[in-house]
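Encoded as structure tokens, the structure appears first; notes follow it.
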Amino acid sequence: MSCAIWEERVALFAGGDLGTAEAAAVERHLSACAACSALAADLRLELDGLRAAHAEPLAAERYAAVRGRVLAELANPPRRRVVWAWAWAAALAVAAAAVLVVVMRKPAAIPPPEPPRLVAIVPKVERPAPPERGSNRSLRSRKRIGWQAEAPAPLGKVGQTLSSVNQQVDPVLSRAVEDSPVRMVQLATADPNVVIYWLFEEKGEER
Amino acid sequence: MKTLALAAVEAGGEPEGRDSALEAARAGDRTAFDLLMRRHERLVLRTAHRLAGNLEDAQDASQEVFLRLYRNLAKLDTGNLAAWLYRVTVNVCHDAQRRRPATVPMEDALELAAAGGDPQQCAGEAERRALLLRSLRMLSEKERTALVLRDLEGLSTAEVAGALGSSVGTVRSQVSKARLKVRDFVERYSRRRL
């Protein structure tokens, strides 16, 4: 059994692939290790055998056959290749035409969506009293009640943008809204099926 | 030890830096291209034979190599034609083998070798030669290529690395593993026969 850590170096040594210093180190090891020395001898034997097995020259006809086939193909490219070349060219032409049609029929650029329009600001008029301790109502259901307004009371004009509403709303009403802890803002979008409800509750922080 | 430069001199006798046949072939001279093939056909067919393991596949590979040579004449660096041919031969053989894997697992290779053993050959050199030829089949593609170029074609480790686009360290590792596997294969086969 040879030494595993030396095997690779012995294999390189057998083929003359080591530098002087490395080869000297392997030689020292081989002189002390019979197993690795046997491995080196085997490796040299197999290498010599491999070279001998592959040394047999190939017949001249083999070379001539290759040359003949190459020159024949250069003189007359196989039809198969020509057909494939035409097939590729046709496929590319079809693909290019398809791309052209798609580009030509491309619709005009989609306009950017309109900004949401303010429809109403509904203050909460009455906030329900907090549930008694031990009530089985969930926090979520309590919050939902808190957000419900008694009646929608549009404050801004339909079509106003959100950024301009503070300046447009009546100052008295605006103050009333500000006093309410829960408010709802209804915003309309360009899509009539999409309406944005913005519910928020002020915590009494100073502005 | 033969080097690529020596291979080039053996191939044509003319310094590759001033290769008139190559220049003429570039200009479209088919006779010059035929001469170019004659110069390098041994390198190409022999290497392909060693990599592919049979002459029919090796001839197909050689044909493809020379067709690629013709198509790339204008782009070739004349100083490295032998290295280019080795690289393309290896690539063509690898492509062919990927379409039809030729690597045989060690156990299968031993079975094949045992099955192919003729009673008359058992103790003879012919059997040993056949065994060694078969041993290349159970190496991985990269190990076989490194072994063929280094030990059978006689290129230096650096030249093998250059032809394969690899590092010297990688080639050394592949060569040493390949040698150990060949030796292991022969040893196991010999043990089985006893």
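The values are calculated or read from the model by the stated rules, or taken from the named source; none is laboratory data. Quantities reported herein were computed from a predicted structural model and do not represent experimental measurements. When we count neighbours, we look across all protein chains shown, and the Cβ atoms used for this are built from the backbone with ideal geometry, even at glycine.
Restricting attention to the range B:130-152, report how many residues are within 9 Å of another protein chain (Cβ to nearest Cβ) and small (Gly, Ala, Ser).
Going through the range B:130-152, the residues within 9 Å of another protein chain (Cβ to nearest Cβ) turn out to be B:130-133, B:135-136, B:147-148, B:150-152.
Now restrict to residues that are small (Gly, Ala, Ser): B:130, B:135.
Qualifying residue count, the range B:130-152: 2.
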Within the range B:28-64, residues aliphatic (A, V, I, L, M), within 15 Å of the chain's Cα centre (by Cα) and facing chain A (nearest Cβ under 9 Å) come out as B:VAL44, B:LEU45, B:LEU55, B:ALA58
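Go through B:ALA114, B:ALA109 for me and flag whichever is modelled with pLDDT under 85, surrounded by fewer than 16 Cβ atoms within 10 Å (Cβ to Cβ), of a type outside the set (Asp, Glu) and not assigned by TED's automatic domain parsing to the domain that holds B:LEU51.
Within the list B:ALA114, B:ALA109, the selection yields B:ALA114.
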Search result, residues across the range B:171-194 that are touching a residue at least 24 places away in the same chain (Cβ under 8 Å), over 15 Å from B:ALA130 (Cβ atoms), crowded, with 20+ Cβ neighbours inside 10 Å and facing chain A (nearest Cβ under 8 Å):
B:VAL175, B:ARG179
In the range B:1-89, which helices (runs of 4 or more DSSP H) lie fully inside it and hold 2 or more residues that are at pLDDT below 90 and not assigned by TED's automatic domain parsing to the domain that holds B:LEU149?
B:4-12, B:20-26
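Please enumerate the residues belonging to the range B:70-90 that are at the interface with chain A (Cβ under 9 Å from one of its Cβ atoms) and among the hydrophobic types (A, V, I, L, M, F, W, C).
The first filter runs over the range B:70-90 and keeps only residues at the interface with chain A (Cβ under 9 Å from one of its Cβ atoms), leaving B:70.
Selection gives nothing.
For the range A:45-72, which residues satisfy the criterion of being buried (at least 16 other Cβ atoms within 10 Å of the Cβ) and under 16 Å from B:MET37 (Cα atoms)? Steps first, answer last, please.
Taking the range A:45-72 as the starting set, the residues that turn out to be buried (at least 16 other Cβ atoms within 10 Å of the Cβ) are A:46-47, A:49-50, A:53-54, A:62-63, A:65-67, A:69-71.
Scanning the range A:45-72 gives A:ARG62, A:TYR63, A:ALA65, A:VAL66, A:ARG67, A:ARG69, A:VAL70, A:LEU71.
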Only one of (1) modelled with pLDDT under 85; (2) out of contact with any Leu (no Cβ under 8 Å at 6 or more places or on another chain); (3) under 27 Å from A:LEU45 (Cβ atoms) fails for B:ARG99. Which number is that?
(3)
Quick check on my filter: what residues within the range A:12-36 are touching a helix residue (DSSP H, G or I) at 6+ places or on another chain (Cβ under 7 Å), crowded, with 16+ Cβ neighbours inside 10 Å and more than 10 Å from chain B (Cβ to nearest Cβ)?
A:VAL26, A:HIS29, A:LEU30, A:CYS36
